[in-house]
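What follows is a set of notes on a single structure, which appears directly below.
The values are calculated or read from the model by the stated rules, or taken from the named source; none is laboratory data. All of these numbers come straight from a predicted model, not from anything done at the bench. Glycine gets a Cβ as well: all are built from the backbone with ideal geometry, and neighbour counts include every protein chain shown.
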Amino acid sequence: MLAIETNGLTKKFGKLTAVDNVNLKVDQGEIFGLLGPNGAGKSTFISMLCTILNPTSGTARVEGYDIVKRASDVRRSIGIVFQDPSIDDKLTGMENMELHADLYNVPKDVMHSRIDEVLQLVELEDRASNLVNTYSGGMRRRLEIARSLIHYPKVLFLDEPTVGLDPQSRDHIWNYIRDLKKQENITIILTTHYMEEADKLCDRIAIIDRSKIVALDTPQKLKSKIEGETIIIESSDNKLLSENVSESKLATNIMETEKELILTVENSHTALARIVELAVSVGIYIYNISIKEPDLDAAFMFFTGKEIREGGGGKELTGMAARMRGRIK
Ligand SMILES: Nc1ncnc2c1ncn2[C@@H]1O[C@H](COP(=O)(O)OP(=O)(O)OP(=O)(O)O)[C@@H](O)[C@H]1O
């Protein structure tokens, strides 16, 4: 059985289509990432799967249950950690857990052993008797993850699980998510706009842009769609350099962002010298130049024509970039 299956799932808010005709299948036990800029439709999509929003059209099943006709069965099968904190910080960690266990009718005789189990998973057992208002941001997020697991859900939805956390707390959360997959045999659907998070954690990723899935594959395969190597240049005139590189056919793909020119080349060593020569010949200063292996950032740009940036709606590529994007294997 599939953990998630959607057919033509669509959500409109007035004239705005937030989720547009999405067809998706997620296997049980996968860590599946929905990657996209702010406003792409990720939260709306998972809100429908969690039965918080009704679809405008299309259907979806979670653990075999229809999200509209069998909403209460869906709710029993899922755990949710949303972006906005929902932990009561005037209670202790333990009190929060007990409240939630009660809400989900976890039988009294197993409640405390289950609470201990999930608190151990996120390494909060020693702090359980402290008030949540003494917890750090990372600890609160960990408590929310533990709380979402109390009723043995089959599918866990994590909406931007590490947003706003420092790199160390983010690393910890990633480890807990990996452990969770191993220990609880659970399907995890996570939304994120952090490339690294999607790359490190997910078995498969759907890249979402403007309410649609524009690419879906393993991180490795998404990256392998990008041919060649990437050269990133900051110069005194990126637009002029872009035009010259294009005329000289030195790159197979050119992307221009606000600050940088991102070139895909077959061989960075031969291309580099010729690009520098070219820049000098037309009076362009090169401030910075670097070579990088294909990564998810590059894949994201290929598929969407935008950069994904923390806190932003994804910066549109301009000019040449917009015209030349999407040349994929
Ligand atoms: N209740 C609502 N009423 C009207 N428009 C909405 C509503 N909820 C979301 N939208 C709009 O739908 C689009 C998709 O929003 P959504 O929150 O699903 O995107 P997202 O990819 O999750 O972004 P973020 O990472 O910022 O949460 C946006 O244009 C948003 O403004």
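Structure data summary
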| read-out | value |
| --- | --- |
| Residue list for segment 253-274, restricted to those being of a type in the set (Val, Ile, Thr) and either touching a Leu at 6+ places or on another chain (Cβ under 6 Å) or within 27 Å of Tyr194 (Cα to Cα) (or both) | Ile254, Thr257, Ile262, Thr264, Val265 |
| Any pair with Cβ under 6 angstrom, 6 or more apart, that starts in segment 68-87 at a residue that is touching a residue at least 24 places away in the same chain (Cβ under 8 Å) and in the same structural domain as Pro153 (by TED's automatic domain parsing) and ends at one that is charged (D, E, K, R) and within 16 Å of the ligand (Cβ to nearest atom) | Phe82/Asp159; Gln83/Asp159; Gln83/Glu160 |
| Boolean, Met1 is aliphatic (A, V, I, L, M) and free of Cβ contacts under 8 Å to residues at least 40 places away in the same chain | no |
| Residue in segment 198-210 that is over 24 Å from Met48 (Cβ atoms), more than 16 Å from the ligand (Cβ to nearest atom) and in the same structural domain as Lys11 (by TED's automatic domain parsing) present | yes |
| Residues located in segment 38-53, provided they are more than 7 Å from the ligand (Cβ to nearest atom) and on the phi < 0 side of the Ramachandran plot | Ile46, Ser47, Met48, Leu49, Cys50, Ile52, Leu53 |
| Residue that is surrounded by the most Cβ atoms within 10 Å (Cβ to Cβ), among those in segment 46-69 that are among the charged types (D, E, K, R) and over 23 Å from the mean Cα position of the chain (by Cα) | Asp66 |
| Conditions (1) within 10 Å of the ligand (Cβ to nearest atom); (2) touching a residue at least 12 places away in the same chain (Cβ under 8 Å): number failed by Gly14 | (2) |
| Residue pairs meeting the criteria (Cβ under 7 Å; at least 6 apart or on separate chains; first within 10 Å of Phe157 (Cβ to Cβ) and of a type in the set (D, E, K, R), in segment 43-58; second more than 10 Å from the ligand (Cβ to nearest atom) and modelled with pLDDT of 95 or more) | none |
| Looking only at segment 215-247, and only at residues there that are under 17 Å from Ser268 (Cβ atoms) and part of a strand (DSSP E or B), the one that is farthest from the ligand (Cβ to nearest atom) | Ser235 |
| Scan of segment 178-201 for residues that are closer than 18 Å to Phe82 by Cα and without any contact (Cβ under 8 Å) to a residue 12 or more places away in the chain, ordered by number | none |
| Flag if Lys154 is at pLDDT 90 or above and within 25 Å of Tyr65 (Cα to Cα) | yes |
| Residues of segment 257-272 classified as surrounded by 21 or more Cβ atoms within 10 Å (Cβ to Cβ) and closer than 15 Å to Ile284 by Cβ, total | 2 |
| Qualifying position, being within 16 Å of the ligand (Cβ to nearest atom) and not basic (Lys, Arg), among Asp27, Asp84 | Asp84 |
| Failed criterion for Thr252 (all others in (1) surrounded by fewer than 21 Cβ atoms within 10 Å (Cβ to Cβ); (2) hydroxyl-bearing (Ser, Thr, Tyr); (3) at pLDDT 90 or above hold) | (3) |
